[in-house]
Amino acid sequence: MHIRLFHKTNSRSQRILWLLEELNLDYELIHCDGFIPTQAVEKLANQDSSLKFPTLHLVDDHSTEVISLTETAAIADYLSHQFNDLGIAQLSPSEVLEYYFWKNFAEATFMPEQEQSTALFVAQGTA
């Protein structure tokens, strides 16, 4: 399986980049800071023009079909299910509770704080 991550620095895609590294997976990283690179546009030919970050493309080795995933929680769950050497299947019941808490903490609690901090830096002209 070929994995391609469309990544934007200092976005939620940072978590998926970290997870791909933790799972020791081979992947193609396409940086999309500012303008989307020409090679990335070609790979997005069948995509909606409104690219979200992260976007993960999965291409089966025996097919040309591209499966596209967005949303960090969905991508994390999928990768943990598919490549479960370090995934949720290896955890005890109490560790599973911790996994879901911390995975969703980033979406529900941490991100609003980060977004407020970013807005403050932008307002101050320091971002």
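The values are calculated or read from the model by the stated rules, or taken from the named source; none is laboratory data. The structure presented is a predicted model; accordingly, all values stated were derived computationally and were not measured. Cβ placement follows ideal geometry from the backbone for every residue including glycine, while neighbour counts extend to all protein chains displayed.
Assorted remarks:
- Within the stretch 46-71, if we keep just the residues that are of a type in the set (A, V, I, L, M, F, W, C) and part of a loop (DSSP other than H, G, I, E, B), the residue that is modelled with the lowest pLDDT turns out to be Leu51.
- Against the numbered list (1) modelled with pLDDT under 85; (2) in contact with a helix residue (DSSP H, G or I) (Cβ under 8 Å, 6 or more places away or on another chain); (3) farther than 24 Å from Trp102 by Cβ, Gln39 comes up short only at (2).
- Subset tally (residues that are under 15 Å from Leu51 (Cβ atoms) and over 8 Å from the mean Cα position of the chain (by Cα)) for the stretch 7-27: 3
- Within the stretch 83-95, the set of residues being surrounded by 13 or more Cβ atoms within 10 Å (Cβ to Cβ) and either part of a helix (DSSP H, G or I) or touching a strand residue (DSSP E or B) at 6+ places or on another chain (Cβ under 7 Å) (or both) comprises Ile88 only.
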